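Asker: Before I ask anything, let me first share the structure, which is written out below as structure tokens.
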Amino acid sequence: MTTVSGPNDDILIKAGNLRWKLGENFHDSLMESLYTEASRLADRAVTRTGAQQHFNWDRTLDQLLTGRWTGFPLMVALLMVVFWITIAGANVPSALIASLLIDTVHPMLQTFGSNIGMPWWLSGLLFDGVYLAAAWVVSVMLPPMAIFFPLFTLLEDFGYLPRVAFNLDHLFRKAGAHGKQALSMSMGYGCNAAGVIATRVIDSPRERLIAIITNNFSLCNGRWPTQILIATLYIGALAPPALGGLISASAVVAVALLGVAITFLTSWLLSRTMLKGEVSTFSLELPPYRPPQILRTLHTSLIDRTLLVLWRAVVFAVPAGAVTWLIANIPIGDQSIAQHVIALLNPFGMLVGLNGVILLAYIIAIPANEIVIPTVLMLTVLSSGAANYGEGAGVMFDLEDHRQYLAVFNAGGWTLLTAINLMLFSLLHNPCSTAIYTIYKETGSVKWTVVSTLLPIVMGLGLCFLVTQIWRLLGGAG
């Protein structure tokens, strides 16, 4: 608000588009300004009877993106397009980075260790364990993130994400949760730790707890590579080659939408059991649509999101890589620790349609979901004795094409049922260590941290067991 002197010593007050004089006719001037501003706003939002209707981009887009019959289909379609571009665009750069870091730099490091007389166990721990874990994370995560995060940021800057919250608000309220949970859920698709922090926008402690506990049902960036690879190998392969990419993307979208449905269901159950209470109300302002700002988008997505998330993944992958190498190379009797653990877990794993290798891989990968696939490959070769793959016990490795992946997985006894259950368990399992720590910092409660950690595991194993029993009841193989 500003005040300036006008003619005849009148005082002119300005507030936004409102202007009025402070004098004898102050009341009349104020009311005239209010009516003028109201008329201006009404002319923008309402088409008067008999007046010529002018085309309005914001109004037209809102009718489509938030419409009762078009809002949800367009939301799913946009999600599929983003995933398809990510899947199709990440293959080549991932292969190039893997060729540099794994095929070129890794042998150089091994040669360097040998030349300086480094003990085999130290060389193996540092280069075959720690380095390869970090190299795999970079080669697998960087290209998809460099594509997914800019696309996601474009939708955010364009003004579409608040429309997603608008579309989902009614469903969240029905589930006993807060409408702003849609925003923290969307953030969780990039990183669940960031999604947990984003729940700070929710004022109600009860509804914020619901949003924190259920945020892990959003597929974070560390789980996309597993979903994409398995969908491509087993789901997309069921379709003609020309439709393989589309079918793979559809399968990944289906798992992501299942996560949304489970978010609603879990929110509804929590709001009627452990976290009973009244649903609070809030006002959601839909910002105007904005043209893309390419430089700002690249900075936000590549610097603030991609590189920070990648660094976090590398930091947590390093100890996991060391543990992986150690348990695969320290023997107990005639077998390594890893082989003993796999044999111990295998009966339960088969019961839920998985196997001991997958369960052990997810235990090792608690620090970073990104190393699940290389850990599964290494443990499968170790336990099955598959020849011509990998470079030895505890050495995580990459493969050149899908046929090689299938050969290793088939040697481990995988079936289509194993692949489906792995995609489901990738959706429903414990948060990574960063997210667990963030949950504890945000809630300050060991109880709710344990609930947030164990609830997804119980649900994931239960769902895999149910799918397995139905599959076998229907006569499916595996």
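The values are calculated or read from the model by the stated rules, or taken from the named source; none is laboratory data. Remember, predicted model here, so these are calculated numbers, not experimental data. Note that each Cβ is placed from the backbone with ideal geometry, even for glycine, and that neighbours are counted across all protein chains shown.
Asker: Test MET378 against the criterion of being in the same structural domain as VAL309 (by TED's automatic domain parsing), in contact with a Pro (Cβ under 7 Å, 6 or more places away or on another chain) and aliphatic (A, V, I, L, M), and give yes or no. Break it down stepwise before answering.
Answerer: Numbers: in the same structural domain as VAL309 (by TED's automatic domain parsing): yes; in contact with a Pro (Cβ under 7 Å, 6 or more places away or on another chain): no; aliphatic (A, V, I, L, M): yes.
Considered against the rule, which asks whether it is in the same structural domain as VAL309 (by TED's automatic domain parsing), in contact with a Pro (Cβ under 7 Å, 6 or more places away or on another chain) and aliphatic (A, V, I, L, M), MET378 comes out as no.
Asker: I'd like to know if the range 372-381 contains one or more residues that are without any contact (Cβ under 8 Å) to a residue 40 or more places away in the chain and among the hydroxyl-bearing types (Ser, Thr, Tyr). Working first, answer last.
Answerer: Let us first name the residues in the range 372-381 that are without any contact (Cβ under 8 Å) to a residue 40 or more places away in the chain, namely 376-377, 380-381.
Next cut, among the hydroxyl-bearing types (Ser, Thr, Tyr) only: 380.
The answer is yes, given that some residue of the range 372-381 is without any contact (Cβ under 8 Å) to a residue 40 or more places away in the chain and among the hydroxyl-bearing types (Ser, Thr, Tyr).
Asker: Name the residue, out of THR438, THR468, THR434, that is farther than 20 Å from ALA313 by Cβ and among the hydroxyl-bearing types (Ser, Thr, Tyr).
Answerer: THR468
Asker: Would you point out the residue of the range 358-391, among those that are part of a loop (DSSP other than H, G, I, E, B) and touching a Gly at 6+ places or on another chain (Cβ under 8 Å), that is farthest from TYR437 (Cα to Cα)?
Answerer: Step by step, filter the range 358-391, then rank; the result is ALA386.
Asker: Being surrounded by fewer than 22 Cβ atoms within 10 Å (Cβ to Cβ), in contact (Cβ under 8 Å) with a residue 40 or more places away in the chain and either assigned to a loop (DSSP other than H, G, I, E, B) or not hydroxyl-bearing (Ser, Thr, Tyr) (or both) narrows it down to one residue among LEU455, LEU399, LEU422; which is it? Steps first, please.
Answerer: Values: LEU399 fails: in contact (Cβ under 8 Å) with a residue 40 or more places away in the chain; LEU422 fails: surrounded by fewer than 22 Cβ atoms within 10 Å (Cβ to Cβ).
Of the residues listed, the single one that is surrounded by fewer than 22 Cβ atoms within 10 Å (Cβ to Cβ), in contact (Cβ under 8 Å) with a residue 40 or more places away in the chain and either assigned to a loop (DSSP other than H, G, I, E, B) or not hydroxyl-bearing (Ser, Thr, Tyr) (or both) is LEU455.
Asker: Can you tell me which residue is surrounded by the most Cβ atoms within 10 Å (Cβ to Cβ) among those in the range 332-363 that are free of Cβ contacts under 8 Å to residues at least 40 places away in the same chain, within 15 Å of MET423 (Cα to Cα) and among the aliphatic types (A, V, I, L, M)?
Answerer: ALA361
Matching residues to (1) farther than 17 Å from PRO150 by Cα; (2) surrounded by fewer than 13 Cβ atoms within 10 Å (Cβ to Cβ); (3) among the aromatic types (Phe, Trp, Tyr); (4) modelled with pLDDT of 80 or more:
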site	(1), (2), (3), (4)
SER250	yes, no, no, yes
LEU258	yes, no, no, yes
ILE262	yes, no, no, yes
TRP268	yes, no, yes, yes
PRO291	no, yes, no, no
ILE294	no, yes, no, no
SER301	no, no, no, no
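Asker: Is it the case that ALA343 is among the small types (Gly, Ala, Ser) and within 27 Å of THR434 (Cα to Cα)?
Answerer: Values: among the small types (Gly, Ala, Ser): yes; within 27 Å of THR434 (Cα to Cα): no.
No, not satisfied.
Asker: Which members of the range 242-282 meet the condition of being more than 23 Å from LEU219 (Cα to Cα) and part of a helix (DSSP H, G or I)? Give the derivation first.
Answerer: Of all residues in the range 242-282, those more than 23 Å from LEU219 (Cα to Cα) come to 242-243, 272-282.
Within the range 242-282, ALA242, LEU243 meet the criteria.
Asker: Further question: So, GLY129, is that one within 31 Å of the chain's Cα centre (by Cα) and at pLDDT 85 or above or not? Quick ask: steps written out before the conclusion?
Answerer: Working: within 31 Å of the chain's Cα centre (by Cα): yes; at pLDDT 85 or above: yes.
Judged against the criteria, GLY129 is a match.
Asker: Suppose we filter the range 258-281 for residues that are within 29 Å of ASN421 (Cβ to Cβ), β-branched (Val, Ile, Thr) and in contact (Cβ under 8 Å) with a residue 24 or more places away in the chain; how many remain?
Answerer: So the count comes out to 4.
Asker: Quick check: anything in the range 309-322 under 30 Å from PHE166 (Cα atoms) and either assigned by TED's automatic domain parsing to the domain that holds ASN167 or outside any loop (DSSP other than H, G, I, E, B) (or both)? Show your work before the answer.
Answerer: Applying the first criterion (under 30 Å from PHE166 (Cα atoms)) to the range 309-322 yields 309.
Next, only the ones that are either assigned by TED's automatic domain parsing to the domain that holds ASN167 or outside any loop (DSSP other than H, G, I, E, B) (or both) stay: 309.
Yes, the range 309-322 has at least one match.
For every residue, the table says whether it meets (1) more than 30 Å from ALA254 (Cα to Cα); (2) surrounded by 14 or more Cβ atoms within 10 Å (Cβ to Cβ); (3) in contact with a Gly (Cβ under 7 Å, 6 or more places away or on another chain).
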site	(1), (2), (3)
VAL81	no, no, no
ILE85	no, yes, no
ALA90	no, yes, no
ILE97	no, yes, no
LEU101	yes, yes, no
SER114	yes, no, no
GLY124	yes, yes, yes
PHE127	yes, yes, yes
